[in-house]
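Chemist: Before anything else, here's the structure in question.
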Amino acid sequence: MENDWLLLAWLSPLILVMVIFDLKARNYGKKVLHLPKKEYVSLLWLAILDPVFEVLFIGVVLWDDLSRDVWHWVAGGVGVVLGYFFARYRTRIMWVRPLREKKAVILRNSGAEYIALVFLVIVKTVSENSNFSNYFASLLITVGLLTIVSESAIRVAILFKRYNNEMPAVRA
């Protein structure tokens, strides 16, 4: 846990810059585009950093799990498949349209974002509990961790693909 705080301290300037750009983008959506309350502007370059931060914060735990045995790799594969379907679902319910002038997308808030965040906190907390040594639970944690990381990475890839696919229609 102390490593998480140290990592957070090192990354805090970058996180602060990201928050500033995110707030500026959201204000642009609210004040200039007059987006409805549940919609917001998301800069694509900020979206790329989501999976990077997740790997940084849970990578050590994930690597410990994966280096145990082949069944943890199988569990990780299950997590990636689940992450793929969860990413497709989230992107489908969040997507509104591309925003060419800002190299951004307009997304809709969804409850899935909050569920994913709570899930991440629960899985990370359980995975760091040293008293928890049940093998099956360890496999479930590996599934959960890889679901979270792969969902984020796949969702960003889908956002970029959809942005690029719909941009010709926006230009015309």
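Chemist: Counting Lys and Arg as +1 and Asp and Glu as -1, what is the net charge of the other residues whose Cβ lies under 13 Å from the Cβ of V143?
Modeler: -2
Chemist: Considering only protein heavy atoms, what per residue accessible area in square angstrom results for region 1-165 with a 1.4 angstrom probe?
Modeler: I get 61 Å² per residue for this part.
Chemist: Separate question: Using square roots of five times the C-alpha gyration tensor eigenvalues, list the equivalent-ellipsoid semi-axes of region 1-119 in whole Å, biggest first.
Modeler: Semi-axes from the Cα gyration tensor: 31, 20, 11 Å.
Chemist: Taking amide H positions as placed in the peptide plane 1.01 Å from N, state which residues far from L99 in sequence (5 or more) or on other chains have amide H under 5 Å from it.
Modeler: Residues meeting the criterion, in which the H sits 1.01 Å from N, are A104, V105, I106.
Chemist: Right, here's the next one. Over region 1-165, with every protein chain in place, what whole percent of the accessible area is carbon and sulfur at 1.4 Å, could you tell me?
Modeler: 69
Chemist: Ranking request for peptides 23-32, 138-147: highest mean number of other beta-carbon atoms within 10 Å first, then the rest in descending order.
Modeler: 138-147, 23-32
Chemist: Now for a separate question. Excluding residues on the same chain fewer than 8 positions from K24, give the lysines whose Cα lies under 30 Å from its Cα.
Modeler: The reachable lysines, counting only those whose Cα sits under 30 Å from K24, are K37, K38, K102, K103, K161.
Chemist: What ³J(HN,Hα) values, in whole Hz, does the Karplus curve 6.51 cos²θ - 1.76 cosθ + 1.60 give for region 71-88 when θ = phi - 60°, with x put for Gly and Pro?
Modeler: 5, 6, 5, 5, 4, x, x, 4, x, 5, 5, 4, x, 4, 5, 5, 5, 4
Chemist: To continue, here is another question. So who's got an amide H within less than 5 Å of the one on E39, skipping anything under 5 residues away but keeping other chains? H placed 1.01 Å off N, in plane.
Modeler: N109
Chemist: Here's another thing I want to ask about it. Compute the signed sum of charges (Lys and Arg +1, Asp and Glu -1) over the other residues within less than 10 Å, Cβ to Cβ, of Y163.
Modeler: +4
The values are calculated or read from the model by the stated rules, or taken from the named source; none is laboratory data. Bear in mind the structure is a predicted one, so any value in this text is a computation, not a measurement. Cβ: placed from backbone, ideal geometry, glycine included. Neighbour counts: every protein chain shown. The accessibility values were calculated without ligands, DNA or RNA, using every heavy atom of the protein model including side chains. Shrake-Rupley method; radii C 1.70, N 1.55, O 1.52, S 1.80 Å.
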